[in-house]
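Undergrad: Right, I'll just put the structure down here and ask away after.
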Amino acid sequence: MAACSNFCEIAGGTGSFSGKQNDMHLAASIRKWLFLFFGLFTFAATAADRPNILYCLADDWSYPHAGVYGDKVIRTPNFDKLASEGALFTHAFSAAPSCTPSRAAMLTGRAPHQLREGANLWGMLPKEFETYPDMLERAGYVVGLWGKGWGPGNYQAGGWTRNPAGPGFANFEAFLKTVPKGKPFCFWFGSHDPHRAYKKGSGVEAGLKPDGVQVPPFWPDTPATRSDILDYYAASERFDRDMGKYLELLEKYGFAQNTIVVASGDNGWPFPRAKANLYDAGTRQPLAVRWPGKVKPGMVIDAFVNLTDIAPTFLDVAGLKPPSNMTGQSWVPLLEGKSQPGRDAVFVERERHANVRKGDLSYPSRAVRNDSYLYIRNLRPHRWPGGDPEKYVAVGPYGDCDDGPTKHEIIDHKAEPYFFLAFAKRPAEELYDLKNDPYEMTNVVERAEYADAHKQMRAKLDDWMRKTKDPRFDHDDDRFDKYEYFGNAPKEQPKRKRVNAQTK
Ligand SMILES: [Ca+2]
């Protein structure tokens, strides 16, 4: 029989054996064959149902700057709608308060300190670290990117022939037209907003009113600061409007019901004591996920999540098992309303941000944040946290902080306590009691009443650094200071060759 001969070939049978052993072998072969047949059938069924993935990523957008979080000034109707149709996260954090390592962590699902040169801004991502777009592409997804993907940095130096976030397209619609019928897609919308520079007064021009602005108490509350915040808000609103156009295109092409949409920023807002710092203003992120038919509309998820979870989440959504070397964890259980172990704290870190210290030095720090405390360990406390007071290479004095009116309000007038909080040298350890000090302004690490909390948080961080093989767990390991910086070269050094390095 033809069917039998096919079956026998698949089962590996030769027809030359007999008796009990033969029966057993035959039964095992049938099981193997049935497994193969139904296994393939199941895979084919799943493949057809695999959702599309759209990631809308803002650049330097902070929590809680969206209407849905209660901000009374900023207008973010699209993010708010996305959250109301899906899940809103209240405790999402980027892995690092800096574009390149934060994006590298999203793409690889691994903590920046595991990514060698990938831990630094303006570095490179070694090709050995696989990214989720590549893995999804191998599994049959069509992948694409618009705007800022992984970076800034030099992806060619890492061995890549395209941005690690995927191949670039002129726009989302052009990409959608290339997706063959029946194939799932995964797209990365990398907005350049609300990254600086801003047109001064653009917030007021956009109709935003300075009166309602909540100025964090670690900045001077002046008209210049308020105006600077409004300019940042106007740029954030532009991201929201652009995201709205993406959502409209999903509707237009009939993809809205079978696409999971995720929206977040990559690191905190570009202001003093915010971006490039491990305080919440540098790491805490807006995050909403819409997944029709899967996520209950209006869900609010208070569990602690890290954007390192992006890669394992997207793989899980696509029916793939995340590799065991990923430190991130899929959000799918949380999105299904289940609880998940390990969601009571996040770990954040920073290495070299801009090249702003003599000798190309980093300002290495690690931190653990839970509901009660933020504990930060500054591993080279004799260095300037915001960069040297004299310009070295990038931006200007204290150049880890992007240039802007709020920064000038502080450094031009040496305004206290703001200068101290943003730019002065910091102790080796910081501990903030978040219930009593939500803006993280009073370091209580040396107070006797916090001795137990200090000990517990320190042990948590030690455990994480040991478990994830953080090179800085060896206090003398300075490898992150020595990796090449692919941004502008210092004046006293010859210009390095830069290939297609991104500008932002
Ligand atoms: Ca950024």
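Undergrad: Within the range 360-399, work out how many residues are in contact (Cβ under 8 Å) with a residue 24 or more places away in the chain and either in contact with a strand residue (DSSP E or B) (Cβ under 9 Å, 6 or more places away or on another chain) or hydroxyl-bearing (Ser, Thr, Tyr) (or both).
TA: Count: 22.
Undergrad: Can ALA11 be described as in contact with a Phe, Trp or Tyr (Cβ under 8 Å, 6 or more places away or on another chain) and at pLDDT below 95?
TA: Yes; evaluated as a whole, the condition is true for this residue.
Undergrad: Any chance you could count how many residues in the range 294-332 are under 13 Å from the mean Cα position of the chain (by Cα) and small (Gly, Ala, Ser)?
TA: 2
Undergrad: Return the total of residues in the range 342-366 being outside any strand (DSSP E or B), closer than 22 Å to THR90 by Cβ and either of a type in the set (Phe, Trp, Tyr) or at pLDDT below 95 (or both).
TA: Residues meeting the conditions: 1.
Undergrad: Also: Could you please find all residues in the range 64-98 being within 16 Å of the ligand (Cβ to nearest atom) and not in a loop (DSSP other than H, G, I, E, B)?
TA: Listed by number, the residues that qualify are ALA92, PHE93.
Undergrad: Does the range 450-483 hold any residues that are of a type in the set (Asp, Glu) and out of contact with any helix residue (DSSP H, G or I) (no Cβ under 7 Å at 6 or more places or on another chain), and which are they?
TA: Result: ASP452, ASP462, ASP463, ASP474, ASP476, ASP478, ASP481.
Undergrad: Step by step: first the residues of the range 266-313, then only those that are out of contact with any Gly (no Cβ under 6 Å at 6 or more places or on another chain) and acidic (Asp, Glu), then the one that is farthest from PHE239 (Cα to Cα). Which residue is that?
TA: ASP302
Undergrad: Does LEU335 satisfy being over 14 Å from the mean Cα position of the chain (by Cα) and more than 26 Å from VAL368 (Cβ to Cβ)?
TA: no
Undergrad: Another one. I need the full set of residues from the range 348-372 which are crowded, with 24+ Cβ neighbours inside 10 Å and among the acidic types (Asp, Glu), in order please.
TA: GLU349, GLU351
Undergrad: With a cut-off of at least 3 residues that are touching a residue at least 24 places away in the same chain (Cβ under 8 Å) and farther than 21 Å from ARG383 by Cα, name the helices (runs of 4 or more DSSP H) lying wholly within the range 414-494.
TA: So the answer is 451-467.
Undergrad: Could you check, for the range 210-222, whether at least one of its residues is within 16 Å of the ligand (Cβ to nearest atom), in a helix (DSSP H, G or I) and among the charged types (D, E, K, R)?
TA: No - not one qualifying residue is present in the range 210-222.
Undergrad: What do you reckon, is TRP269 within 16 Å of the ligand (Cβ to nearest atom) and farther than 17 Å from GLY67 by Cα?
TA: The answer is no for TRP269.
Undergrad: With the structure loaded, tell me whether ARG284 is among the basic types (Lys, Arg) and away from the ligand (no atom under 16 Å from the Cβ) or whether it fails that test.
TA: no
Undergrad: So, one more: Where residues in the range 264-287 are outside any loop (DSSP other than H, G, I, E, B) and touching a Phe, Trp or Tyr at 6+ places or on another chain (Cβ under 6 Å), which of them is nearest to ASP400 (Cα to Cα)?
TA: Here the residue is THR283.
Undergrad: Kindly provide the set of residues from the range 59-82 that are surrounded by fewer than 22 Cβ atoms within 10 Å (Cβ to Cβ) and not small (Gly, Ala, Ser), ordered by number.
TA: Across the range 59-82, the qualifying residues are PRO64, VAL68, TYR69, ASP71, LYS72, VAL73, ARG75, PRO77, ASP80, LYS81.
The values are calculated or read from the model by the stated rules, or taken from the named source; none is laboratory data. All of these numbers come straight from a predicted model, not from anything done at the bench. Using ideal geometry, Cβ is built from the backbone for each residue, glycine included, and neighbour counts are taken over all protein chains shown.
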